Every structure is written in structure tokens, then in C-alpha cells.
1. What is the residue count in region 164-177 for residues that are among the hydroxyl-bearing types (Ser, Thr, Tyr) and at pLDDT 95 or above?
2. Going residue by residue through region 99-110, is there one that turns out to be surrounded by fewer than 24 Cβ atoms within 10 Å (Cβ to Cβ) and at pLDDT 95 or above?
3. Return only the number of the condition from (1) in contact (Cβ under 8 Å) with a residue 12 or more places away in the chain; (2) in a helix (DSSP H, G or I); (3) more than 30 Å from residue 5 (Cα to Cα) that residue 114 does not satisfy.
4. Regarding residue 222, is this residue within 25 Å of residue 16 (Cα to Cα), without any contact (Cβ under 8 Å) to a residue 40 or more places away in the chain and not charged (D, E, K, R)?
5. May I ask you to list the residues in region 66-82 that are touching a Gly at 6+ places or on another chain (Cβ under 7 Å) and in a loop (DSSP other than H, G, I, E, B)?
6. Given the condition within 26 Å of residue 167 (Cα to Cα) and part of a helix (DSSP H, G or I), answer yes or no: does some residue in region 1-17 qualify?
Amino acid sequence: MQTKSKNEFIVESEPDSQTIVLVGKTAVEETAKLYGPIFTRMVSEYALQFEAEKLNEKPPENIHDLEAVTNYILANLGRYPRGYNSLIYGIGKADSKLQGSTGVGAKRAAYSAMKSILESSGLLNSIIGTTEDVFEAICKAEEINKEIKTAVSARYIKGEKNQVMVVVPNCAYKDACDAFVKEGISRLVGGSECIYLIVTNAEAEIVTKKRLDYKIDEFGKLECRGRILEF
């Protein structure tokens, strides 16, 4: 369900797990172009460990590469429906190990993931560059996400100076973010990493063709709050 007014846009949805896993795999492959094969190896290792922990079992010894790890996650979606968090965690941790914090790699992964989602809909060209208003850009992208079942429940509120406040209840990506907080993995510019905000930031950048950033204001058990803003 979607509700939209002049200054507020509400999405109520649970993403299709299989689709998000495959998009996550594409994000790893695209980000590996920046770091090289070592990135893929690291993500595969960390994602496998994370997934096995969630399944309460030891990581299978015969699984090593990204393709095999992805298939392992897909095969176990019945046991851990939010298995896409395993790849997301792997991306963030690998980026942190290579950079000392999450930064360029995580942002590129999010951008690649969102571009892949929008391109797969066949509607990317119909929205790219159509507005410089961040709120409108997010609304347009989220309408596509809802259509192809990649949307996550969230509330968007238009603010001043082209800012958008984002409220995410029971976030689908919270397992990965919780792990980042627990392990002290943070952003290059400081502060906690927020997967949902970095993905929303990416879709807004794709549509507006502007350089944007995000800031998390509250990381909570029931909901998280943050902002998308211009430099």
C-alpha cells in the first residue's frame, strides 16, 4: 500500500527476498570492479559466516565463491527469509576491512543495486533526470520498487532545503545494521551505517543526478530515523 500527499509519502511493503538477494549479488560484482577479486572473496566469506550463524549451523566447507554463497542463501530463504542481509553484511564488512570504515565501496554497492533494480523494471529512463527535488525523486523510485516488489516499508517527509526525513519501522535490513553496530563498523565520515538510508540516497542520486548524502538521526529497536540531504 502507498499513501502520498504534498509533503509525505508512505510505503507499506515487504521486499521479495529472492529478488533482493540477486540484486545484492550484482552489487558485489559491480563493487569488485573497484577493489578487485579480493573484495568478492571477502564478501563471500563474511556473508557465508553471517548466513550460517542465522541458520544456527556451521558454514558448509564446500562453499567458497560468490555464486555458491548466493545459492546457499537462496536455498535457505525458508529458514531465514531476510537472507539478503548476509550479502549486505558481507559488503559492509569487506568495505570496512579494506578502507578502515564503510565508504566508497558501500556507496558504490548501493548505487549499483538501485540502478539494477530500476533498470530491471524497464522504467529507469522514464524517471532519470526528471526532477531535482529529492522528495519527488524518492517517490518516483519507490513507486517502481513497489511495482517490482523491492520496496521496504518507510515514511518519507519533505523538509526544508531539499531534505527528506525518512522513518523506517522494523527495517528489513536491520540484521545487517545491528551487526555493524555490534562490531563497531561505521561510516568513513563518522556515525553508524544505515543500509536503508544509503540505498534511498542512491535512488535519489540516480533520479536527480545530484550528489547527496544521508545522516542517521536515531537507530532504534522499533524504528530508525534519518535524512537525505544535499551537500
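The values are calculated or read from the model by the stated rules, or taken from the named source; none is laboratory data. Here the structure is a predicted model, which is why all the values come from computation and not from measurement. Note that each Cβ is placed from the backbone with ideal geometry, even for glycine, and that neighbours are counted across all protein chains shown.
1. The number of residues fulfilling the criteria is 0.
2. Scanning region 99-110, I find no residue that is surrounded by fewer than 24 Cβ atoms within 10 Å (Cβ to Cβ) and at pLDDT 95 or above, so the answer is no.
3. It is condition (3) that residue 114 fails.
4. Working: within 25 Å of residue 16 (Cα to Cα): yes; without any contact (Cβ under 8 Å) to a residue 40 or more places away in the chain: no; not charged (D, E, K, R): yes.
Against the criterion (within 25 Å of residue 16 (Cα to Cα), without any contact (Cβ under 8 Å) to a residue 40 or more places away in the chain and not charged (D, E, K, R)), residue 222 does not qualify.
5. The answer is 76, 77.
6. Of region 1-17, the ones within 26 Å of residue 167 (Cα to Cα) are 1-17.
Next, from what is left, pick out any that are part of a helix (DSSP H, G or I): 17.
Checking region 1-17: at least one residue is within 26 Å of residue 167 (Cα to Cα) and part of a helix (DSSP H, G or I).
Table: residues versus (1) of a type in the set (Ser, Thr, Tyr); (2) at pLDDT 90 or above; (3) within 17 Å of residue 4 (Cβ to Cβ).
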| residue | (1), (2), (3) |
| --- | --- |
| 125 | no, no, no |
| 133 | no, yes, yes |
| 148 | no, no, no |
| 179 | no, yes, no |
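Residue-wise test of (1) part of a loop (DSSP other than H, G, I, E, B); (2) surrounded by 13 or more Cβ atoms within 10 Å (Cβ to Cβ); (3) modelled with pLDDT under 95.
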{"site": "45", "(1), (2), (3)": "no, yes, no"}
{"site": "49", "(1), (2), (3)": "no, yes, no"}
{"site": "53", "(1), (2), (3)": "no, yes, no"}
{"site": "56", "(1), (2), (3)": "yes, no, no"}
{"site": "64", "(1), (2), (3)": "yes, yes, yes"}
